[in-house]
Amino acid sequence: MRYAMAIDTKKCVGCADCVVACQIENDVPHGYCRDWITEKTVGTYPKLEMEIRSERCNHCENAPCVRCCPTGASYIAEGGVVLVEAAKCIGCGACIESCPYDARYSHPEGHVDKCTFCIHRVREGKQPACVAVCPTKCMYFGDLDDPSSEISKQLRTRKFKVLSPEAGTKPHVYYLI
Amino acid sequence: MQSRRDFIRISALGIGGITLGSRTIPGLFGKSLFDNPVVSEMKRYPTYCEVCFWKCAAWSHVDAEGRIQKIIGHDDDPHCNGRLCPRGTGGLGMYEDPDRLMTPLIRVEEDGKQTFRKASWDEALDLVAKRLQELSATYGPESIALFNHGSAGHHFSHLLKAMGSVNASAPSYAQCRGPREVGFKLTFGQVMGSPEPLDIRDTKCLVLIGSHLGENMHNGQVQEMADMIDKGGDIITVDPRYSIAAGKSKYWLPIKPATDIALLLAWINVLIEEKLYDVDFVQKNTIGFDQLAHHVRQMTPEWAYGITTIKPDLIRKTARLMAAASPAAIIHPGRHVTWYGDDTQRSRAIAILNALLGNWGRRGGFYFPEKVKVPDFPHPPYPKPKWGWREILDGKYPFAALSIANTFLDATIDEESPYAIHGWIVAGTNLPYTIPDVGRFEEAAQKAKFIVVVDTMPMEITGYADVILPECTYLERYDELRTSPHREPYIALRMPAAEPLGETKPAWWMTKELGKRLGLEDYFQYADFTEVLEWQLEQLGSSLDEMKKLGIKKFPRKSGPLYQPDNEVPWFNTPSGKVELYSAQLKEAGFDPIPNYTAHPTPPEGFYRLNYGRAPMHTFSRTSNNPYLADLMDENFVWVHPKVASKWSLENGQEVWLKNQDGIVSDLPIKVRITERIRWDSVYMVHGFGHVTKKLTQAYGKGVSDTQMITNVMDDPIMGGTGMRGNFVTFIKEQIS
């Protein structure tokens, strides 16, 4: 089982519903977020191109945050989901420094926090909160090892990319382009 | 000299005061909220969203402690299909906002200074009833006006009519969608309404004229736009700004602002000259085609190029694309369409273009909507007013179908008029951030003899009130059933998920209590609003119990099929019974029977056209203090093209003040966003920021209110819409003290 997410940049309108749904679902304190929107426009007026992405922890297969964690608080859980065990976390911030995606933040209660792929929901057979709420249905979550999963189908039929492939992290969040 | 009505800025006592604890459950540090057995016992209550007018049906989820934990869209609701937008998801913030109004407040003078003091409901309602009765006795009940937006308006409108006034007005007409309703009514005999009956999910070509779908998060429509993208449909976007929708378009036409009608006429020219229009539909169902063809003969793409800056081959290519897709092609009627004062004519041009594509009643075009008629709870007939909003218009705006909110301000200023307005009830609309020409609003607010404001939040409008009545949020109350036109008719129930916080009350209760004090008990023959709902639902063959379980209920269509059957000739509710490409009605009233392009002023040297719009996480000025939505966006920026930024030596993030063509300088500074996404002759900002009341602790002092900068208002002579996009601003890099 390899959990992954694919986000269709052609459909995403950057409304940030994923951000507020995550905040409410996971009780992320105001002023912080586990996911966010990136809008990138290239070219000069009027020859422009835009890409909008909902971004979050990439749940890397080769996760620098896990490798550098001195206490083992950051670990790879079922399905390759990268998690932080808050009780073990000393808040040293090494993982925040090591993440090429800037996907982690220091929670005001002293530990490091990040996207969990809503593993608590996934265990109940639900989709992550961001995926479930998205008005444009631009996000797909599922098991890459299951060829019949929607995400496997999307990755078979669509062009896609990952962020910062040069970092060698083998991300599990894909962007359909 | 002290004014009659000082705008009270400083936080008075009794505003806010209840702080909700975090939703975090103690002892669960580091554990999932949903692993807790207590939390898993969540109950859910149906509601429909009040953060915007789309009114998506949803469930409020409440934990065993009675705390509202989250709001999730109703799976069966066609407005949202189980997926709320960021505002609906963050609607929780309306309930949790620490700045909420919590008690009734009354304006008093202490040590020569006006302030608010807390009042009991009895005291506040007695005072409101007394003042309304006095005004009614002296000037007639017609002199009392209601400004409203949202659900509270229904209840206060009933009270107003029971008193004998029909002077209720929602700025959503003259400040927003009015011209399009009139333009489509004149052409097809039908208004668009809300949600618009657009079959976007099955369209092959969607044309957006300045409509920034996706940034205006009209939920179901954005969802259908994503569906059509999935199916490979094409989008054509006309906008001087590279909007989100433009970024998803096959063709983006970066038009010179204020020239849209020229483009629309050129498109009509191409469809006719190249015989790309639906000949069969036009022959059978329209009148005035020959006049139209004659009218546009010279309006070639080459002609339009000189006006719009859109190249002729692009005009032809896009016209051919929509024709090839027709009838599954839609020229979107837009929503906020009060731009340049000729907006009804632009909406007419859009309607005519749609008619030529033959998309009326066709899959992928316009479907035939239907809604459930919810019966009125029995009450005595309303008294007949001696005059109403039409008398205020005094013959102007002959095609206005609803009242024109800004003319109520004029009627308040003109105290000597036989049709003067003296008392205001304002429910759910922040007028100085809604109606352009704030100076006129200020003057009217000073002249008004009594103002009562009903709101959940201490918006700027409350600073002008004599009495403030704190409404509970939609999550804490019953309300009217939602019924809105859609593919299938539905009703939706809103019921409370929690007790109202503080001393807040629902509008139905306020109006009933005021009715009692005004001797109008007969209009409020119920102890509780559930009696009204129970009675209405019984008439509809349902019950409150059933609706509490279902949330929404679908009814079978009665009006016929969703699309036009091939074997039937459609009938249009116009004087001719046909689609009126040429409008004899307009001609008789002295207006152009077929739309014409008129040149509008362009910005003077050093000034830029002020364009404004929406962000998906905000609704007008009402959400900027919402803690969840402010986390997503807590201020607006002024978008500036890099060339303009270079000329002015502006840097990203630099604060500037704006000054408009009439010398109005923004109250607050705004940060610069340098971007290629805006034309060099324009600037852009998101509407609804620039709050000046400190009571909005989150939103205070952030960004600029576009409404403040809009002082040149171009009235639509046909129906009274307030054209707001003829304002030009320049930058002031250091504040003038």
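Values quoted throughout were computed directly from the atomic coordinates according to the rules given, and no laboratory measurement underlies them. What you are looking at is a predicted structure, and each value in this text was computed from that prediction instead of being measured. Neighbour counts run over all protein chains shown; Cβ positions are idealised from the backbone, glycine included.
Points to keep in mind about this one:
- Each of A:7, A:18, A:172 was placed along the dipole of region A:3-176 (beta-carbon charges, centred on the mean Cα), and the one lying farthest toward the positive end is A:7.
- Tilt relative to chain B, helix B:529-539 - C-alpha long axis, 0 to 90 degrees, to 10: 50
- Pairs from A:137/B:694; A:137/B:185; B:384/B:516 whose Cα-Cα separation, in the structure shown, is over 28 Å: A:137/B:694; A:137/B:185
- Under 5 Å, built H, 5+ apart or other chain: amide partners of residue A:105: A:113
- Taking a ≥ b ≥ c as the square roots of the Cα gyration tensor eigenvalues, region B:251-305 comes out prolate, since a/c reaches at least 1.5 and a/b is larger than b/c.
- For region B:608-732: Kirkwood Rh in Å [reciprocal of mean 1/r, alpha carbons]: 14.9
- Region B:432-578, dipole about Cα centre (Lys/Arg Cβ +1, Asp/Glu Cβ -1), debye to the nearest 20: 500
- Counting only other chain Cβ atoms within 10 Å of each residue's Cβ, the peptide B:66-79 averages 1.
- Lysines with Cα under 20 Å of residue B:512, excluding same-chain neighbours fewer than 8 positions away: B:130, B:161
- Tensor-based shape of region B:472-603 (alpha-carbon gyration tensor, a/c under 1.5 rounded, otherwise prolate or oblate): prolate
- Amide H contacts under 5 Å for residue B:589: none, restricted to partners 5 or more places along the chain or on a different chain, H placed in the peptide plane at 1.01 Å from N.
- Hydrodynamic radius by Kirkwood, which averages 1/r over all alpha carbon pairs of region B:254-382, in angstrom: 16.1
- Where trypsin sites (Lys or Arg not before Pro) fall in DSSP loop in region B:502-609, at most 10 other Cβ within 10 Å: B:558
- Size descriptors for region B:41-160: radius of gyration and Dmax over Cα atoms are 19.6, 58 Å.
- Kirkwood hydrodynamic radius of chain A, Cα pairs, Å: 16.7
- Compared with the dominant Cα axis of chain B, that is its longest principal axis, helix B:343-356 is turned about 50°.
- Region A:118-127 - phi-based ³J(HN,Hα) in whole Hz, Karplus 6.51/-1.76/1.60, Gly and Pro as x: 6, 4, 5, 7, 4, 4, 8, x, 9, 7
- Whole-angstrom gap from region B:599-668 to region B:154-182, using each part's C-alpha centre: 30
- Reachable aspartates and glutamates, given that their alpha-carbon falls under 13 Å from the alpha-carbon of residue A:10 and they are not under 8 places away in the same chain: A:39, A:49, A:51, B:227, B:230, B:234
- Charge dipole (Cα centre; +1 on Lys/Arg Cβ, -1 on Asp/Glu Cβ; no other charges) of chain B amounts to roughly 1300 debye.
- Using the rule -39500 (n - 2.57) for each DSSP H run of four or more residues, divided by the residues of chain B, the 222 nm mean residue ellipticity is -8000 deg cm²/dmol.
- Label-to-label distance for residue A:42 and residue B:599 is 4.1 nm, based on points extended 7 Å past Cα in the beta-carbon direction.
- For the protein assembly as shown: rounded, prolate or oblate by the Cα gyration tensor [a/c cutoff 1.5]: rounded
- Scalar couplings 3J(HN,Hα) for region B:316-321, obtained by applying the Karplus form with A = 6.51, B = -1.76, C = 1.60 to θ = phi - 60°, are 5, 4, 6, 5, 5, 5 Hz; x denotes Gly and Pro.
- Under 15 Å from the Cα of residue A:114 - aspartates and glutamates, other chains or at least 8 residues apart: A:25, A:27, A:35, A:55, A:85, A:97, A:102
- Value of relative contact order over chain B, rounded to a whole percent, pairs C-alpha under 8 Å and six or more apart: 19
- DSSP bridge orientation in chain B - percent antiparallel, rounded to nearest 5: 50
- Vicinal HN-Hα couplings computed from phi for region A:164-176 (Karplus, 6.51 cos²θ - 1.76 cosθ + 1.60; Hz; Gly/Pro x): 6, x, 5, 6, x, 8, 6, x, 10, 10, 10, 10, 7
- Value of relative contact order over region A:3-176, rounded to a whole percent, pairs C-alpha under 8 Å and six or more apart: 30
- 10 Å Cβ shell holding at most 12 others, DSSP loop, GluC sites (Glu not before Pro): longest site-free stretch of chain B: B:66-273
- Counted over the protein assembly as shown, the DSSP beta bridges are approximately 55% antiparallel.
- Of the trypsin sites (Lys or Arg not before Pro) found in region B:651-737, those in coil by DSSP whose Cβ has at most 14 other Cβ atoms within 10 Å are B:694, B:733.
- The Cα trace of region A:90-174 gives Rg and Dmax of 15.2, 43 Å, the first to one decimal, the second as a whole number.
- Antiparallel %, DSSP beta bridges [both residues in region B:591-737], to 5: 55
- Span from the region B:265-333 Cα centroid across to the region A:101-150 one, whole angstrom: 47
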